[in-house]
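Colleague: Sharing a structure here in structure tokens format.
The values are calculated or read from the model by the stated rules, or taken from the named source; none is laboratory data. Note that the structure is predicted; figures quoted are calculated from it, not measured. No Cβ is skipped: glycine too gets one built from the backbone with ideal geometry, and neighbour counts run over all protein chains shown.
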Amino acid sequence: MLQNIAIGQYVPGRSFLHLADPRSKLLFIVMFATLVFLANNSITYSILIAFTVFSILLSRLSLSYILKSLKPVWLLILFTVVLHIFITKGGTVYYQLGSFTVEEQGVRQAIFISIRLGLLILFSSLLTLTTSPMDLTEGLERLLGPFGRIGVPVHEIALMMSIALRFIPTLMEETDKIIKAQSARGADFTSGNLVRRAKNLIPIAIPLFVSAFRRAEELAMAMEARGYRGGVGRTRLNKLRFSWRDSLIAVAAVLLILAIGWWRT
Amino acid sequence: MNEENLLTFRNVAFSYDGEEGQRVEVLKGVDLTIAKGSFVSVLGHNGSGKSTLAKLMNALLLPESGTILVSGADTRNGEMIWEIRRHVGMVFQNPDNQIVGATVEDDVAFGLENMGVDPQEMRKRIDEALHSVGMENYTLAQPYRLSGGQKQRVAIAGIMAMRPSVIILDEATAMLDPQGRQEVMHLAKKLNREEGITIVNITHFPEEAVDSDRVIVMNRGEVLMDGQPGEVFSQVERLQEAGLDVPFTVRVRHELVAKGYDLPFGLHQEELVEHLCRLLLTK
């Protein structure tokens, strides 16, 4: 029932994007997202679309994986499109029915906004598809490192994330076991209305929480037994290292900023 | 510093507040020493204080009164606590709840990262440790895909990488299937023999204690018996009074002797089989 859920959506590989440092990928995405919001005409949008297509090719992932990431947001995109078509006014009137009008600005905005959303989603899923959760956590820890000086518990947050990732399969297995145990005692999780079904989840959630707390306690003790004492003085097995790939990414970022800045109106 | 005795307990007492507000005495004045390089089994049923004993050995708990010395260092000494924990490695009961890393090598690295070991040295030690527990082909495997016995071996590798003097198995085989239990015991014996690691195996399976150098039986917070497996297991009645089982071979022989058969004492199944055959032939 639950065994087929993949953790994150990382697809292992050895493409240019897979091997780039997670820090440069993260920084690039932040920059790219800003550029997507700065783009405001067909030239700038075309440049961004072309760049996204290029990046997808560079990742050497099959297109179906990447398009799958758009699935959960189709509705959102559709909704924004419809909303903009009917509400945003201005320019030539294309169509009129009673007090409803579809005007030039509306159509324009609808197209641009859906491209914006699509690009953002495609690009960020490209990150999670090509970066293992562990690398991602480590990249975040390093990037947020400076905030540690103003009291942000960066190391602790990163450790929490990585332990959470490590325990997802364990807890999945446990949930599966509890569901089976409750079903064996006659619990029914598949029929009834929404409220009923939600209520039926309580006998799954409570044992799961109880055991998660017990696990947390034991894990804390095991970590202490192995000399864990916070982030100070700790070394890491896999040190992140920038390579020529990251220099190329930096060059691409500069070119992209210049291009958008030049053609933007 | 006493080189012979790795662990020394001097009149150690420990208690905690029970659920109804009363004091629960877990250990009442325990005195014992554990020699370097030995393989010691600690037997006792639930609530005998054997697990508390383990947690006192690496300063996860501190004694209420009395002293515990690890290679001469007092576990109360806050400055020595990390050194003590490096020396005294501990494998816990539930294999899932002691693995921190998302891959086998990440997990073995955890203790070394805590110690601040240089990444290059770390790589070397991880390879050595995984080799010594026979898990070198699983470096990048995800722990949840391993069997219980394999997970415990990874946990042992994580300790071995820290170059400890003692490994405490705190009911490390309790949740494993017979095969996993055998894997772990086999490994513990190998590390004891070949690498000179002192092993303290805390267990409630008397069979696991048969081959150790010494058996300590705990009952109600006190050391009930302490000696070689032969001495301890020959006192079947006393063990059973403490709610403990004896190895199967010893029990069979005990029952037969009670029925009037003349059988010499032995700890291993092969001995018993041989004696039984001989008895059958001479009849």
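Colleague: Look through the range B:128-145, keep the residues that are within 12 Å of chain A (Cβ to nearest Cβ) and surrounded by fewer than 21 Cβ atoms within 10 Å (Cβ to Cβ), and return whichever of them is nearest to A:Leu171 (Cα to Cα).
Modeller: Restricting attention to the range B:128-145, the residues satisfying the condition of being within 12 Å of chain A (Cβ to nearest Cβ) are B:139-140, B:142-145.
Adding the requirement that they be surrounded by fewer than 21 Cβ atoms within 10 Å (Cβ to Cβ) leaves B:139-140, B:142, B:144-145.
Working: B:Thr139: 23, B:Leu140: 21, B:Gln142: 15, B:Tyr144: 10, B:Arg145: 13 Å.
For the range B:128-145, the residue satisfying everything is B:Tyr144.
Yes/no per residue for (1) surrounded by fewer than 19 Cβ atoms within 10 Å (Cβ to Cβ); (2) modelled with pLDDT under 85:
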| residue | (1), (2) |
| --- | --- |
| A:Leu48 | no, no |
| A:Val53 | yes, no |
| A:Arg60 | yes, no |
| A:Leu75 | yes, no |
| A:Phe79 | yes, no |
| A:Gly90 | yes, yes |
| A:Tyr95 | yes, yes |
| A:Ser114 | yes, no |
| A:Met134 | no, yes |
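Colleague: Among (1) surrounded by 14 or more Cβ atoms within 10 Å (Cβ to Cβ); (2) at pLDDT 85 or above, where does B:His268 come up short?
Modeller: Exception for B:His268: condition (1).
Colleague: Here is a follow-up. I'd like to verify a number: residues in the range A:161-213 that are surrounded by fewer than 15 Cβ atoms within 10 Å (Cβ to Cβ), of a type outside the set (A, V, I, L, M, F, W, C) and more than 14 Å from chain B (Cβ to nearest Cβ), how many?
Modeller: Residues that pass the stated criteria total 12.
Colleague: How many residues does the range B:236-264 hold that are in a loop (DSSP other than H, G, I, E, B) and either buried (at least 16 other Cβ atoms within 10 Å of the Cβ) or over 27 Å from the mean Cα position of the chain (by Cα) (or both)? Write out each step before concluding.
Modeller: Start the filter on the range B:236-264 by keeping residues that are in a loop (DSSP other than H, G, I, E, B), which leaves B:242-247, B:259-264.
Applying the additional criterion that residues be either buried (at least 16 other Cβ atoms within 10 Å of the Cβ) or over 27 Å from the mean Cα position of the chain (by Cα) (or both) yields B:242, B:244-247, B:259-264.
Qualifying residue count for the region: 11.
Colleague: Shifting gears a bit: Evaluate the range B:8-20: report whether one residue or more is among the hydrophobic types (A, V, I, L, M, F, W, C) and closer than 15 Å to B:Ser165 by Cα. Walk me through how you get there before you give the answer.
Modeller: Taking the range B:8-20 as the starting set, the residues that turn out to be among the hydrophobic types (A, V, I, L, M, F, W, C) are B:9, B:12-14.
Keeping just the survivors that are closer than 15 Å to B:Ser165 by Cα gives none.
Checking the range B:8-20: not a single residue is among the hydrophobic types (A, V, I, L, M, F, W, C) and closer than 15 Å to B:Ser165 by Cα.
Colleague: Residues being surrounded by fewer than 19 Cβ atoms within 10 Å (Cβ to Cβ) and more than 13 Å from every other protein chain (Cβ to nearest Cβ): count how many of those fall in the range B:146-173.
Modeller: So the count comes out to 2.
Colleague: Can you go through B:Met90, B:Met80 and tell me which one is touching a strand residue (DSSP E or B) at 6+ places or on another chain (Cβ under 7 Å) and at the interface with another protein chain (Cβ under 7 Å from one of its Cβ atoms)? Please lay out each step first, then the result.
Modeller: Details: B:Met80 fails: at the interface with another protein chain (Cβ under 7 Å from one of its Cβ atoms).
Among B:Met90, B:Met80, only B:Met90 is touching a strand residue (DSSP E or B) at 6+ places or on another chain (Cβ under 7 Å) and at the interface with another protein chain (Cβ under 7 Å from one of its Cβ atoms).
Colleague: Suppose we filter B:Ser71, B:Ser65 for residues that are buried (at least 19 other Cβ atoms within 10 Å of the Cβ), among the polar types (S, T, N, Q) and away from every other protein chain (no Cβ under 12 Å); which single one remains?
Modeller: Working: B:Ser65 fails: buried (at least 19 other Cβ atoms within 10 Å of the Cβ).
Result: B:Ser71 is the single residue among B:Ser71, B:Ser65 that is buried (at least 19 other Cβ atoms within 10 Å of the Cβ), among the polar types (S, T, N, Q) and away from every other protein chain (no Cβ under 12 Å).
Conditions (1) touching a helix residue (DSSP H, G or I) at 6+ places or on another chain (Cβ under 8 Å); (2) not assigned by TED's automatic domain parsing to the domain that holds B:His186, marked per residue:
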residue	(1), (2)
B:Val24	no, yes
B:Leu27	yes, yes
B:Val30	yes, yes
B:Ser41	yes, no
B:Ser48	no, no
B:Leu53	no, no
B:Gly66	no, yes
B:Ser71	yes, yes
B:Ile81	no, no
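Colleague: Give the residues of the range A:106-147 that are touching a residue at least 60 places away in the same chain (Cβ under 8 Å), of a type in the set (A, V, I, L, M) and either more than 14 Å from chain B (Cβ to nearest Cβ) or touching a Phe, Trp or Tyr at 6+ places or on another chain (Cβ under 7 Å) (or both), sorted by residue number. Can you show your working first?
Modeller: Taking the range A:106-147 and keeping what is touching a residue at least 60 places away in the same chain (Cβ under 8 Å), we get A:112, A:115-116, A:119-120, A:122-133, A:135-136, A:138-140, A:142-143.
Within this subset, residues satisfying the condition of being of a type in the set (A, V, I, L, M) are A:115, A:119-120, A:122, A:126-127, A:129, A:136, A:140, A:143.
Of everything in the range A:106-147, those that are touching a residue at least 60 places away in the same chain (Cβ under 8 Å), of a type in the set (A, V, I, L, M) and either more than 14 Å from chain B (Cβ to nearest Cβ) or touching a Phe, Trp or Tyr at 6+ places or on another chain (Cβ under 7 Å) (or both) turn out to be A:Ile115, A:Leu119, A:Leu120, A:Leu122, A:Leu126, A:Leu127, A:Leu129, A:Leu140, A:Leu143.
Colleague: So, of the residues in the range A:225-241 that are more than 7 Å from chain B (Cβ to nearest Cβ) and of a type in the set (A, V, I, L, M), which turns out to be surrounded by the most Cβ atoms within 10 Å (Cβ to Cβ)?
Modeller: A:Leu240
Colleague: Just need a number here: residues in the range B:93-127 that are within 9 Å of chain A (Cβ to nearest Cβ), charged (D, E, K, R) and part of a helix (DSSP H, G or I).
Modeller: Residues in the range B:93-127 being within 9 Å of chain A (Cβ to nearest Cβ), charged (D, E, K, R) and part of a helix (DSSP H, G or I): 6 in total.
Colleague: Could you tell me whether any residue of the range A:214-224 is at pLDDT 90 or above and more than 14 Å from chain B (Cβ to nearest Cβ)? Even if it seems obvious, please write down each step before you answer.
Modeller: First pass over the range A:214-224, keeping only residues at pLDDT 90 or above: A:214-224.
Within this subset, residues satisfying the condition of being more than 14 Å from chain B (Cβ to nearest Cβ) are none.
So far as the range A:214-224 goes, no, none of its residues is at pLDDT 90 or above and more than 14 Å from chain B (Cβ to nearest Cβ).
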